[in-house]
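Asker: I have a structure here, written as C-alpha cells, and I will follow up with some questions on it.
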Amino acid sequence: IAIIVDKNPVKYRCDINAKDQAILKPRNTVKRGKMKFRGHSRNDNSTEKYEIGDVLVAKVISADRLNSPELTTVGKYLGKKRNGIIISIDPPKVPRVIGRSGSMIKMLKRLTKSNIFVTQNGRIWINGDSFELERLLIETIYKIEREAHTRGLTDRIEEFIKNEKEKR
C-alpha cells in the first residue's frame, strides 16, 4: 500500500513504509495494448490520474540498492482505493494476519463482513459494512500482532470476535 506524497509531470513519489520512497511513473498506471478510441490514443503520459494523499495498492516492479523502488498499478486488485482505513503493523507479523493458506484473513472477512487488503509492507486497508465492525477488526488485527508468537491463535481470535460482537 503506497500513499502519494509528491507529484510532478513525469512521476509520483510514494511512501511505501520503507527506507526509500518509491517512484510510480504514469506509464505504469495504464494497461498497455491496442485500445481503439476514435482519433484518440491511450498514450497519455502525464500525472493527472492521482492526487497527493491518494492511497494505492501497488506492486514493486524493480528494486535495488542504488535506485528507488519502482511501482506499478496495472494488475488485478491494484490501483486507487477509495474510502476505507489504513493501519500499519510490523511487517514480519503480516503472515500471521493472513494465516496458513489464508485461513485467518478469510475468517476475519467472514466474521466482520469487511474487505481487507494486507500487503507485505505491513499496511492493511480495511473497508467494513459499519463503523463498529471496522473498529472490531482493527482491534483484532492489533491483537493478532501482539500475540503472533503464540499457538492456537486462529481459534482464540475467532472466540474473541464472537465475544466482542455479543457485548456490542
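Asker: Considering only residues of the range 28-57 that are more than 14 Å from ILE3 (Cα to Cα) and assigned to a strand (DSSP E or B), which is modelled with the highest pLDDT?
Answerer: PHE37
Asker: Within the range 131-152, how many residues turn out to be over 12 Å from LEU108 (Cβ atoms) and in contact (Cβ under 8 Å) with a residue 12 or more places away in the chain?
Answerer: So the answer is 4.
Asker: Quick test of your reading of the structure: ILE61 fulfils all but one of (1) within 19 Å of ARG13 (Cβ to Cβ); (2) of a type in the set (A, V, I, L, M); (3) buried (at least 18 other Cβ atoms within 10 Å of the Cβ). Name the failing condition by number.
Answerer: Failing condition for ILE61: (3).
Asker: I would also like to ask the following. Run down GLU164, GLU132, GLU139 and say which single residue is acidic (Asp, Glu) and at pLDDT 95 or above.
Answerer: The unique qualifying residue is GLU139.
Asker: Are any residues in the range 52-77 among the charged types (D, E, K, R) and out of contact with any strand residue (DSSP E or B) (no Cβ under 9 Å at 6 or more places or on another chain), and if so, which ones?
Answerer: ASP64, ARG65, LYS76 - these are the residues of the range 52-77 that are among the charged types (D, E, K, R) and out of contact with any strand residue (DSSP E or B) (no Cβ under 9 Å at 6 or more places or on another chain).
Asker: Would you confirm whether any residue within the range 91-111 is in contact with a Gly (Cβ under 7 Å, 6 or more places away or on another chain), over 21 Å from GLU164 (Cα atoms) and β-branched (Val, Ile, Thr)?
Answerer: Scanning the range 91-111, I find at least one residue that is in contact with a Gly (Cβ under 7 Å, 6 or more places away or on another chain), over 21 Å from GLU164 (Cα atoms) and β-branched (Val, Ile, Thr), so the answer is yes.
Asker: Any idea which residue in the range 129-153 is nearest to LEU71 (Cα to Cα), counting only those that are open to solvent by less than 20 Å² (accessible area, probe 1.4 Å) and touching a strand residue (DSSP E or B) at 6+ places or on another chain (Cβ under 7 Å)?
Answerer: Among those that are open to solvent by less than 20 Å² (accessible area, probe 1.4 Å) and touching a strand residue (DSSP E or B) at 6+ places or on another chain (Cβ under 7 Å), it is ILE141.
Asker: Another question, then. Given ILE98, ILE126, ILE105, which one is in contact (Cβ under 8 Å) with a residue 40 or more places away in the chain and either surrounded by 14 or more Cβ atoms within 10 Å (Cβ to Cβ) or within 14 Å of the chain's Cα centre (by Cα) (or both)?
Answerer: ILE126
The values are calculated or read from the model by the stated rules, or taken from the named source; none is laboratory data. Values in this document were obtained by computation on a predicted structure and should not be read as measured data. Because the Cβ atoms are built from the backbone with ideal geometry, glycine has one as well, and the counts that use them run over all protein chains shown. Just so you know, the surface numbers come from the protein's heavy atoms only, side chains and all, with ligands and any DNA or RNA stripped out. Shrake-Rupley method; radii C 1.70, N 1.55, O 1.52, S 1.80 Å.
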